[in-house]
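Worksheet for the structure shown next.
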Amino acid sequence: MNNFTKLSLLLACFLTFGTTANAQWDVLYNLFNQFDEGTNQFYGNNLDSLEENWNPNDSQSEDLFAELFDNLQDSVPPGELDGDYLDGLDAVLDTLVDHLPGYGLSGTDTDTLLGELDWVNGIFNDNVDSLGGLFGQYQDSLAQVPNYWDLSVVSGDSLQDEQYDYLEENTNAGLGNPNGLGNFSHIFGQLFDANIFPDIEIAFGTQSADLKYYSDEYSANAKVVRLGSVPRFDRNSIDCHNGTRPSLPIEARWHVEVSWTDQERNTSFGSDAIPRSSNGDGKNFNPLMMSGDFAIMTTPTIGTLGNTTFKMLTSLGTELGTYAPAHRDYNYEYTLNNKGYMTGLGAQVGAGFSFTTGAITAYSMATFAQGQALRCPKPYPYTSRRYEVGIRYGNIINVRYSTGRVSWQALDNRLANVRNQFTVGIILAQLHH
């Protein structure tokens, strides 16, 4: 191989792999820039201790895949996408807008955020009919996944250790420049960039959770709307080091989601202790949870079987979770000012597997996050463990089934145990700027 050919290959490697990879890291670093000094400090501390508190040796994905396939046999597992969903989503957006003044955003950033919310809501409304019928249309195709879901994450694997070290080194490189909230236009431009995130979904579904606020314990069945990227898990290792060591393929992922219920609260205080709120249209609306994350994943291939490719997944990034119920009990005056909306932010690590055969990709991901509550006078700890499995069919549909446990306070005084969540998503080119 002559020098010109070597140079051409290295240049092609940089253009096809390095440019996209650098752009994905750039998004994470820009999110880190949204931290203030205090958030930057506790995030860094939690990142440093993340690996020692994280044990990915868990086979729960096997049970989740079994439950997912049970759901795939049902007629419409996520429930019906009807007018109640649209009313609830409108109430969610109204609630978010009501809380914006408390975040100290500039006028420009406020306008940018409101514009993005209106844009996404418009796309959701435009695709209600397609999204509502999508599962029935592709149910048979999704159920054809081969019997490979008995794979589980193995802790201590040398390849996984290599991936984590690579991710930790590069994640740490993006810390240390906290500027506070701002420049939303640039970040939204990156999140909806087709070159960085070629597939983005908007999804709806159902969530069943057990919740706890001090001695107040209850269960809720909620509606969910999700917006986020859908990884392709198709990146390959490319020798960008002149033959010395293949680089790890990476792919970023992000999502935000909200859940709410229109059911009467069943609490330890009694059925009439906490009146339901109204969104102004006569529809009952009780916000439940909001969450989001952004992570960089390494996705090396670990084997093939016929035309099926298997990959090991390791991820590192950040997670945000909000516990929304206000927990007002009008029998006790000291609860009248309870506003709910405790938000925790933490460093997040994840591990899982994927396999691709033909148009189908199935995947699993277990994540652990640790951090603390934001805008809170006390350093309440935030922790979450989530387990997710999913199947995507081509660039059309993506289904996810997950469970998790999230705590916003010591002694689990604010706790959400998500027994199950099922969403159906439609992958849309419209969701690119």
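Computed from backbone phi, the HN-Hα couplings of region 82-97 come to 10, x, 4, 5, 5, 4, x, 5, 4, 5, 4, 5, 4, 5, 4, 4 Hz, rounded to whole numbers (Karplus: 6.51 cos²θ - 1.76 cosθ + 1.60, θ = phi - 60°; Gly and Pro given as x).
For HIS186, what is the net charge nearby, where nearby means another residue's Cβ is under 12 Å from its Cβ and Lys, Arg count +1, Asp, Glu -1? Once all neighbours under 12 Å are counted, the net charge is -3. Using θ = phi - 60° in the Karplus curve 6.51 cos²θ - 1.76 cosθ + 1.60, the 3J(HN,Hα) couplings for region 307-314 round to 9, 9, 10, 10, 10, 9, 10, 9 Hz; x is entered for Gly and Pro. Charge dipole (Cα centre; +1 on Lys/Arg Cβ, -1 on Asp/Glu Cβ; no other charges) of region 331-433 amounts to roughly 60 debye. Taken one residue at a time, the phi angles of region 351-359 give Karplus couplings (6.51, -1.76, 1.60, θ = phi - 60°) of 8, x, 9, 9, 9, 10, 9, x, 7 Hz. Gly and Pro are set to x. Between TYR382 and GLY371, GLN372, ALA373, the built amide H atoms are under 5 Å apart, and every one of these is 5 or more places off in sequence or on another chain. Working ranking of peptides 88-95, 185-192, 361-368, 387-394 by packing, defined as the average number of other Cβ atoms within 10 Å per residue, highest first, is 361-368, 387-394, 88-95, 185-192. Rg/Rh for region 329-422 to two decimals, with Rh computed the Kirkwood way over all alpha-carbon pairs. Rounded to two decimals, Rg/Rh equals 1.14. When both region 376-433 and region 302-317 are represented by their alpha-carbon centers, they are found 22 Å apart. Under a 5 Å amide H cut-off, with hydrogens placed 1.01 Å from N, ILE200 pairs with VAL230, LEU428 among residues at least 5 apart or on other chains. On the beta carbon distance between SER215 and ASN170, with R0 = 51 Å, the FRET formula returns roughly 0.70. Candidate cross-link partners of LYS311 among the aspartates and glutamates, defined by an alpha-carbon separation under 12 Å and a same-chain spacing of 8 or more, comprise ASP234. Could you calculate the FRET efficiency of GLU37 with ASP193 from 1/(1 + (r/R0)^6), where r is the beta carbon distance between them and R0 is 30 Å, rounded to 0.05? Result of the calculation: an efficiency of 0.55.
Values in this text are rule-based calculations from the coordinates and carry no lab data. As the structure is a computational prediction, the values presented were derived from the model and not from experiment. FYI the Cβ positions are ideal-geometry reconstructions off the backbone, even for glycines, and counts take in every protein chain you see.
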